[in-house]
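Encoded as structure tokens, the structure appears first; notes follow it.
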Amino acid sequence: MSSPLQMPAPGLAAETRGGSRRSQSIIPGFGLTMGLTIAWLSLIVLIPLSTVFIKSAGMGWAEFVAAGLSPRAIAAYKVSFGTAFVAAIINAIFGLVTAWVLVRYQFPGKRIVNALVDLPFALPTAVAGIALTAIYAGNGWVGQYLEPLGIAVAYNPIGITVALIFIGLPFIVRSVEPVLEDMSAEVEEAALSLGARPWQIFFRIILPAILPALLTGFALAFARGVGEYGSVIFIAGNMPFESEIAPLLIVTQLEQYNYAAATAIATVMLVASFAMLLLINLIQAWSRKRMDG
Amino acid sequence: MIGIDNISKRFGSYAALNDISLDVRSGEFLALLGPSGSGKTTLLRIIAGLEFPDEGQVSFNGEDVTGLKVADRKVGFVFQHYALFKHMTVAQNVAFGLSVRSRRQRPPKAQIRARAEELLQLVQLGGLGGRYPAQLSGGQRQRVALARALAVEPQLLLLDEPFGALDAKVRKDLRRWLRHLHGQMGLTTIFVTHDQEEALELADRVVVMDHGVIEQVGTPEEIYMKPSSGFVSDFVGETNSLPVSVVAGRPQFFDRAIDVEVAPAGDGPARLDFRPHDVSVCGEGAGCLPVLVTGVYRRGGDWRIEGEVAGVDKPLEIDMSAASSPPQIGQRLGLRINRGMLFAEGVQQ
């Protein structure tokens, strides 16, 4: 691309005149909307998050490691990321089934089921946490049957996972649904006519097609689970080294006026989350690219 | 041989097929031709086993397959919009039908790969096996779909509007190529189309359908030259229609006897159909049809003349050799219909 000050070669004049000035897109408004996007993201996301880094940069490296990578903090990361990961995987399976049922079949009460899926978005998370605790505690509706079997759900990482499954369900269902709706019946009929059995069609045709969307939903559910606080603290039991999640540890440090330690833990979580989301995005981009050529 | 006996199919209160019977001969290239809503695609899907009839029977070589699903009928099906597996390479698409077989019937991997390449050669896409469908043009994708359908060695090939999504030039090339391929392989093939030109060019026999019933079955020649009903005459090829009344076996247009060679018909109101090329200019004499020229343009080696006849709403279309100079707009011509077809107008349909 030649700079506007240079004289273009005669033969290229027409091309260059049309092409080099400003954006080549015929859809107007790129400058304005991009500017707004950056300003908005800065105000809402980047500036608040950068204070975390600035605050933690104020402390020395040794101090940062001592606070951010203390055994208690590391145990908390393991609980947070581990439970969020397991919950997102379980959600991916059952969320896919839910989306499948909602897209493929007509049944009475479908609208109600549809609305139920979104409920975890709207409900105050504390309410969810308390309700789940009440049900899964040793004397609760469900807990009383599980306890004799030696399964305790409340007050340990299993309970955290249950809460995160509740929180994350809509992400999977809502990401997968539109892609399932878009899949043409012809593709499945083609596979059928070639002699494929239903399970082969699911694993070899449908699953690969919806995988990018499923990954998106997984990433969203996972990210939400890592940061979830409200519903988890009621059911978790919050035992350090056992069922203490990282967000709770941050709050605990804050309550003890230990701001430096709180920001150090926050920084580690931020970096880890960002790295994971970036990785998932890359996998997604790769699988999309393969399909769209 | 494919037998279709008294097939009926309803979708809710809508009768898609109404008591259809048809025999398809082995090795035949058969076209199901009709406007949208004629039931042609439903019939094809019933033959494939993608849809099941409410009544009637489908048999392959005398064996009743009515209850068999598509996977068990050994048919190859090609869809209008290709329906390729987007996340698989072209070679994987073609090999799919072999690779989903149970372990006992599945050929070894190397053999599957060789077969896929062989089929890609056959559809003239050799060397493109590593591409993804998104990297191919429409015509190439449809050929991949065809290779994929042929991979399972079907006893019957079914094509649903196979050229419908392609542009005119590609369509024409692919059509000729498919005709050639059929000649090579001799596989019984049924295809659905709404394009009469396509049906007449490709098929050994054409089945013209409308509103869930078969209007006529015949060779392209029979369908074009001896349409059995006004619908077929109108739908296949270009047709001019005059409202006439038949008196003593001869057509009359507003009390004017028309001098035309037609198969005799019963007295009463009728429709006289004739093709644009079945006319010649005559004088003002008796039996000639007076026409006012309203438009003239070139159509290949002919002049296409549009003309008005008093008492007829739709302008007539007439072909005249471009070897002579064309008539002028506004000129009056006398036309003689060399060959016509009479269809009794019974109760209005």
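With (1) touching a residue at least 12 places away in the same chain (Cβ under 8 Å); (2) assigned to a loop (DSSP other than H, G, I, E, B); (3) more than 9 Å from every other protein chain (Cβ to nearest Cβ) as the list, and residue B:46 as the residue in question, which single condition is left unmet?
The single condition residue B:46 does not satisfy is (2).
Out of the residues in the range B:64-79 that are in a loop (DSSP other than H, G, I, E, B) and surrounded by 19 or more Cβ atoms within 10 Å (Cβ to Cβ), which is nearest to the other protein chains (Cβ to nearest Cβ)? Break it down into steps so the answer makes sense when it comes.
Here is the first cut: in the range B:64-79, the residues in a loop (DSSP other than H, G, I, E, B) are B:65-69, B:73-74, B:79.
Now narrow it down to the ones that are surrounded by 19 or more Cβ atoms within 10 Å (Cβ to Cβ): B:65, B:73, B:79.
On the way: B:65: 14, B:73: 8, B:79: 5 Å.
It comes out as B:79.
Which number in (1) within 24 Å of residue B:25 (Cα to Cα); (2) facing another protein chain (nearest Cβ under 9 Å); (3) part of a helix (DSSP H, G or I) marks the one condition that residue B:158 misses?
(3)
Can you find even one residue in the range B:56-70 that is more than 21 Å from the chain's Cα centre (by Cα) and acidic (Asp, Glu)?
The answer is yes, given that some residue of the range B:56-70 is more than 21 Å from the chain's Cα centre (by Cα) and acidic (Asp, Glu).
Out of the range B:142-174, which residues are at pLDDT 90 or above and in contact with a Pro (Cβ under 9 Å, 6 or more places away or on another chain)?
Hits for the range B:142-174 are B:142, B:144, B:145, B:146.
Failed condition for residue B:82, given (1) more than 24 Å from residue B:206 (Cβ to Cβ); (2) in contact with a strand residue (DSSP E or B) (Cβ under 9 Å, 6 or more places away or on another chain), with all others met?
If we test residue B:82 against (1) more than 24 Å from residue B:206 (Cβ to Cβ); (2) in contact with a strand residue (DSSP E or B) (Cβ under 9 Å, 6 or more places away or on another chain), just (2) comes out false.
Residue-wise test of (1) modelled with pLDDT of 85 or more; (2) within 30 Å of residue A:254 (Cβ to Cβ).
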{"residue": "A:1", "(1), (2)": "no, no"}
{"residue": "A:4", "(1), (2)": "no, no"}
{"residue": "A:7", "(1), (2)": "no, no"}
{"residue": "A:22", "(1), (2)": "no, no"}
{"residue": "A:40", "(1), (2)": "yes, yes"}
{"residue": "A:49", "(1), (2)": "yes, yes"}
{"residue": "A:59", "(1), (2)": "no, yes"}
{"residue": "A:66", "(1), (2)": "yes, yes"}
{"residue": "A:74", "(1), (2)": "yes, yes"}
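Scan the range B:123-141 and tell me whether some residue there is part of a helix (DSSP H, G or I) and touching a Phe, Trp or Tyr at 6+ places or on another chain (Cβ under 6 Å).
Looking through the range B:123-141, at least one residue is part of a helix (DSSP H, G or I) and touching a Phe, Trp or Tyr at 6+ places or on another chain (Cβ under 6 Å).
Any residue at all in the range B:16-39 that's of a type outside the set (Val, Ile, Thr) and within 13 Å of chain A (Cβ to nearest Cβ)?
Residues of the range B:16-39 of a type outside the set (Val, Ile, Thr): B:16-19, B:21-23, B:25-39.
Then keep just the ones that are within 13 Å of chain A (Cβ to nearest Cβ); that gives none.
No; the residues of the range B:16-39 include none that is of a type outside the set (Val, Ile, Thr) and within 13 Å of chain A (Cβ to nearest Cβ).
Among the residues of the range A:254-275, count how many are buried (at least 16 other Cβ atoms within 10 Å of the Cβ) and either without any contact (Cβ under 8 Å) to a residue 60 or more places away in the chain or not assigned by TED's automatic domain parsing to the domain that holds residue A:216 (or both).
Qualifying residue count, the range A:254-275: 2.
Identify all residues within the range A:120-130 that are closer than 21 Å to residue A:173 by Cα, surrounded by fewer than 17 Cβ atoms within 10 Å (Cβ to Cβ) and in contact (Cβ under 8 Å) with a residue 12 or more places away in the chain; write none if there are none.
Hits for the range A:120-130 are A:121, A:124.
In this structure, is residue B:317 assigned to a strand (DSSP E or B), of a type in the set (D, E, K, R) and closer than 30 Å to residue B:38 by Cβ?
Yes; evaluated as a whole, the condition is true for this residue.
In the range B:86-95, which residue that is over 21 Å from residue B:155 (Cβ atoms) and surrounded by 24 or more Cβ atoms within 10 Å (Cβ to Cβ) is nearest to the other protein chains (Cβ to nearest Cβ)? Walk me through it before giving the result.
Of the range B:86-95, the ones over 21 Å from residue B:155 (Cβ atoms) are B:86-93.
Next cut, surrounded by 24 or more Cβ atoms within 10 Å (Cβ to Cβ) only: B:90, B:93.
Numbers: B:90: 11, B:93: 9 Å.
In this case the residue turns out to be B:93.
Do we find a residue being in the same structural domain as residue A:229 (by TED's automatic domain parsing), part of a helix (DSSP H, G or I), among the aliphatic types (A, V, I, L, M) and over 24 Å from the mean Cα position of the chain (by Cα) anywhere in the range A:110-121? Step through it out loud before you land on a result.
We begin by selecting, within the range A:110-121, every residue in the same structural domain as residue A:229 (by TED's automatic domain parsing); these are A:110-121.
Then keep just the ones that are part of a helix (DSSP H, G or I); that gives A:110-121.
Remaining after also requiring among the aliphatic types (A, V, I, L, M): A:112-113, A:115-117, A:119.
Next, only the ones that are over 24 Å from the mean Cα position of the chain (by Cα) stay: A:112.
Looking for residues that are in the same structural domain as residue A:229 (by TED's automatic domain parsing), part of a helix (DSSP H, G or I), among the aliphatic types (A, V, I, L, M) and over 24 Å from the mean Cα position of the chain (by Cα), one finds at least one in the range A:110-121, hence yes.
Please verify whether residue B:234 is without any contact (Cβ under 8 Å) to a residue 12 or more places away in the chain and within 30 Å of residue B:199 (Cα to Cα), treating the condition exactly as stated.
Working: without any contact (Cβ under 8 Å) to a residue 12 or more places away in the chain: no; within 30 Å of residue B:199 (Cα to Cα): yes.
No.
Test of understanding: among B:307, B:311, B:287, which residue is under 14 Å from residue B:334 (Cα atoms) and assigned to a loop (DSSP other than H, G, I, E, B)?
Numbers: B:307 fails: assigned to a loop (DSSP other than H, G, I, E, B); B:311 fails: under 14 Å from residue B:334 (Cα atoms).
The conditions single out B:287.
Being charged (D, E, K, R) and either free of Cβ contacts under 8 Å to residues at least 40 places away in the same chain or in contact with a Cys (Cβ under 8 Å, 6 or more places away or on another chain) (or both) narrows it down to one residue among B:176, B:131, B:141, B:148; which is it?
On the way: B:131 fails: either free of Cβ contacts under 8 Å to residues at least 40 places away in the same chain or in contact with a Cys (Cβ under 8 Å, 6 or more places away or on another chain) (or both); B:141 fails: either free of Cβ contacts under 8 Å to residues at least 40 places away in the same chain or in contact with a Cys (Cβ under 8 Å, 6 or more places away or on another chain) (or both); B:148 fails: either free of Cβ contacts under 8 Å to residues at least 40 places away in the same chain or in contact with a Cys (Cβ under 8 Å, 6 or more places away or on another chain) (or both).
Result of the check over B:176, B:131, B:141, B:148: B:176.
Could you tell me which numbered condition residue B:270 fails, if it satisfies all but one of (1) surrounded by fewer than 21 Cβ atoms within 10 Å (Cβ to Cβ); (2) outside the structural domain of residue B:81 (by TED's automatic domain parsing)?
(1)
Would you confirm, using the coordinates I've provided, whether residue A:230 is assigned to a helix (DSSP H, G or I) and under 22 Å from residue A:123 (Cα atoms)?
Details: assigned to a helix (DSSP H, G or I): no; under 22 Å from residue A:123 (Cα atoms): yes.
No.
Let's see how each residue does on (1) under 26 Å from residue A:262 (Cβ atoms); (2) exposed (fewer than 15 other Cβ atoms within 10 Å of the Cβ); (3) acidic (Asp, Glu):
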| site | (1), (2), (3) |
| --- | --- |
| A:75 | yes, no, no |
| A:78 | yes, yes, no |
| A:95 | no, no, no |
| A:111 | no, yes, no |
| A:132 | no, no, no |
| A:136 | no, no, no |
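Report, by residue number, each residue of the range B:49-63 that is closer than 22 Å to residue B:165 by Cβ and more than 8 Å from chain A (Cβ to nearest Cβ).
Looking only at the range B:49-63, we keep the residues that are closer than 22 Å to residue B:165 by Cβ, and these are B:50-51.
If the condition is that a residue be closer than 22 Å to residue B:165 by Cβ and more than 8 Å from chain A (Cβ to nearest Cβ), then B:51 is the only one that fits.
For residues that are in a strand (DSSP E or B) and at pLDDT 85 or above, tally how many sit in the range B:269-282.
To start, the set of residues in the range B:269-282 that are in a strand (DSSP E or B) comprises B:269-274, B:279-282.
Of the ones still in play, those that are also at pLDDT 85 or above are B:269-274, B:279-281.
Summing the residues that are in a strand (DSSP E or B) and at pLDDT 85 or above in the range B:269-282 gives 9.
The values are calculated or read from the model by the stated rules, or taken from the named source; none is laboratory data. Since this is a predicted model, take the numbers as computed values, not measurements. Positions of Cβ are backbone-derived with ideal geometry, glycine not excepted, and every protein chain shown enters the neighbour counts.
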